[in-house]
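**Student:** This is the structure I have questions about; it appears just below.
Bear in mind that the values in this text are calculations on the coordinates, not laboratory data. In this text the structure is predicted, and so the values were computed from the model without any measurement. Counting neighbours? That spans all protein chains shown, and the Cβs are built from the backbone with ideal geometry, glycine included.
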Amino acid sequence: MKYKFIANFFVITVSSFLLCGCVGGIPKGALSLSPQTLEWRMLQSRRFESKDEKKILQACAALLQDLGFSLEESETSLGVIVANKDRSAVEGGQVIAAFFLATLVGGPAVYDQNQKFRASIVTRPFGENEDQIVVRVTFQRRVWNNQGQITKRQRINDPKMYQEFFEKLSKSIFLTANEI
Amino acid sequence: MRQLITFLCTGVLLCGCATSQNQLLQAGDQLKLRSIQTRTFDTTDSVKTQRVILATLQDLGFVIDKADKELGSISATKLDGFALKMTVSVRPKGETQLLVRANAQYQLKAVEDPQPYQNFFTALSKALFLEAHQVE
């Protein structure tokens, strides 16, 4: 009898945790600067010799369009542009593995299907005479599987992506300056 | 079988008494929340402060969602295995100060713990080169 009571008590406690307590607190350090902050800032920023912040922003917007992004939001007076694009997230290897697992265990094959990239660009005047403009871009993405569930929420930290972005931005600034 | 019924009954008893619609106006203690989420800074330059807030958010790994200079409000989202959404707003306080208020939402819950806000304002005051004053 006593054993049963304890067992029931245990079930109640566990079930209440499972049903109600699944949302944990905010991770420690989510809002503090990390040792990598400076490294990321350098990776995500470039300085351009220009006094014309608007021109630089126009070049940024043009580049985002080149890359297939749709502009979502902009506030030129603060130097902000926000854009996003939806693309397929299907990777051959993952799909094959999913189907293999599904035939083995049964049930549907679950694999990543869609992804949404978001980019925010922030510009600011720099230098004593404000004769330079710093451009900083940050990217992130969400991935959904073929069941409509979010499988990845991540920021993009790959240095190559940022290098390539800024190479293209230099080109875009040149093209915009020459009205091409 | 009996345990399954106990499991289900407990669930209904513990969670089922509030409808999810009630969440619309649900929040913690208003005054306490404001003091946790608000700081004042000795500056009147709202645009510069907003630009520093944008830079701080980017430093913290956020992607900006929205910015409005006139309203003085900026929203941003951080994805890092989780989703953290933040709105920061700036408005004048008296003749010499600005009031900065931040509120955060982690996954599907409001952040009401003081520590994350303290961390945010520490990062912001470093970038502003100004001390953050607690609001009484």
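**Student:** Quote the charge dipole size of chain A about the Cα centre in Debye, to the nearest 20; the model charges only the Cβ of Lys and Arg (+1) and of Asp and Glu (-1).
**Tutor:** 900
**Student:** Another question, if that's okay. Using the Karplus equation 6.51 cos²θ - 1.76 cosθ + 1.60 (θ = phi - 60°), what ³J(HN,Hα) coupling, rounded to whole Hz, does each residue of segment A:148-162 give in order, writing x for Gly and Pro?
**Tutor:** x, 9, 6, 10, 9, 10, 9, 8, 9, 10, 5, x, 4, 4, 5
**Student:** When 1/r is averaged over all different Cα pairs and the result inverted, which Kirkwood radius in Å belongs to segment A:36-177?
**Tutor:** With all distinct Cα pairs of segment A:36-177 included, I get 16.9 Å.
**Student:** Which whole number gives the average count of other chain Cβ atoms within 10 Å of the Cβ atoms across peptide A:115-121?
**Tutor:** Numbers: counts 0, 0, 1, 5, 2, 11, 3.
Neighbouring Cβ atoms belonging to other protein chains average 3 per residue here.
**Student:** Roughly how big is the protein assembly as shown's charge dipole about its Cα centre, with Cβ charges of +1 (Lys, Arg) and -1 (Asp, Glu), in debye to the nearest 20?
**Tutor:** 1060
**Student:** Under a cut-off of 15 Å between alpha-carbon atoms, report the aspartates and glutamates in cross-link reach of A:Lys51, not counting same-chain residues fewer than 8 places apart.
**Tutor:** In chain and number order, the partners are A:Glu128, A:Glu130, A:Asp131.
**Student:** Find which of A:Ala61, A:Leu43, A:Val80 sits farthest along the positive direction of the dipole of segment A:42-100, computed with +1 on the beta-carbon of Lys and Arg, -1 on that of Asp and Glu, about the Cα centre.
**Tutor:** A:Leu43
**Student:** Mind listing the Cα extents of segment B:27-134 along all three principal axes, in Å, largest one first?
**Tutor:** For segment B:27-134, the Cα spread along each principal axis is 40, 29, 24 Å.
**Student:** Are there any chymotrypsin sites (Phe, Trp or Tyr not before Pro) in segment B:34-136 that are in a DSSP loop and have at most 15 other Cβ atoms within 10 Å? List them by number.
**Tutor:** B:Phe82, B:Phe129
**Student:** Using Cα pairs closer than 8 Å and at least 6 residues apart in sequence, work out the relative contact order for chain B, in percent.
**Tutor:** 27 percent.
**Student:** Run lengths n ≥ 4 of DSSP H only: what is the helix-derived mean residue ellipticity at 222 nm for chain A, with -39500 (n - 2.57) per run over all residues, to the nearest 500?
**Tutor:** Details: 5 runs with 74 residues, N = 180.
The helix contribution divided over chain A gives -13500 deg cm²/dmol.
**Student:** Let me confirm one metric for peptide B:70-82, namely the mean number of other chain beta-carbon atoms within 10 Å of its residues' beta-carbons.
**Tutor:** Per residue, the number of nearby Cβ atoms from other chains is 4 on average.
**Student:** Now a separate question. Given the options A:Phe126, A:Leu169, A:Val95, identify the residue whose Cα lies farthest towards the positive end of the charge dipole of segment A:76-172 (+1 on Cβ of Lys, Arg; -1 on Cβ of Asp, Glu).
**Tutor:** A:Val95
**Student:** Give, as a single signed number, the net charge of other residues whose beta carbon lies under 15 Å from the beta carbon of A:Trp40, with Lys and Arg counted +1 and Asp and Glu -1.
**Tutor:** Combined, the nearby Lys, Arg, Asp and Glu give +2.
**Student:** Now, a different point. Between A:Gln132 and B:Phe82, what is the label-point separation in nm under the 7 Å Cα-to-beta-carbon projection?
**Tutor:** Roughly 3.6 nm, to one decimal.
**Student:** Take the cross-link list A:Lys55/B:Lys85; A:Lys116/B:Lys85; A:Lys28/B:Lys66 and give me the ones stretching past 28 Å between alpha-carbons.
**Tutor:** A:Lys55/B:Lys85
**Student:** In addition: Which one, B:Ser35, B:Val47, B:Pro116, is farthest towards the positive end of the dipole of chain B when Lys and Arg carry +1 and Asp and Glu -1 on their Cβ?
**Tutor:** Result: B:Pro116.
**Student:** Calculated from DSSP H runs of 4 or more alone, at -39500 (n - 2.57) each and per residue, what is the 222 nm mean residue ellipticity of chain B, nearest 500?
**Tutor:** Details: 4 runs with 51 residues, N = 136.
Computed mean residue ellipticity for chain B: -12000 deg cm²/dmol.
**Student:** Can you compute the charge dipole magnitude of chain B about its Cα centre, using +1 on each Lys and Arg Cβ and -1 on each Asp and Glu Cβ, nothing else charged? Give it in debye, rounded to the nearest 20.
**Tutor:** I would put it at about 280 debye.
**Student:** Still on this structure, please answer the following. Let me know the mean shielding of A:29-39 by other chains, meaning the per-residue number of their Cβ atoms within 10 Å of its Cβ.
**Tutor:** 6
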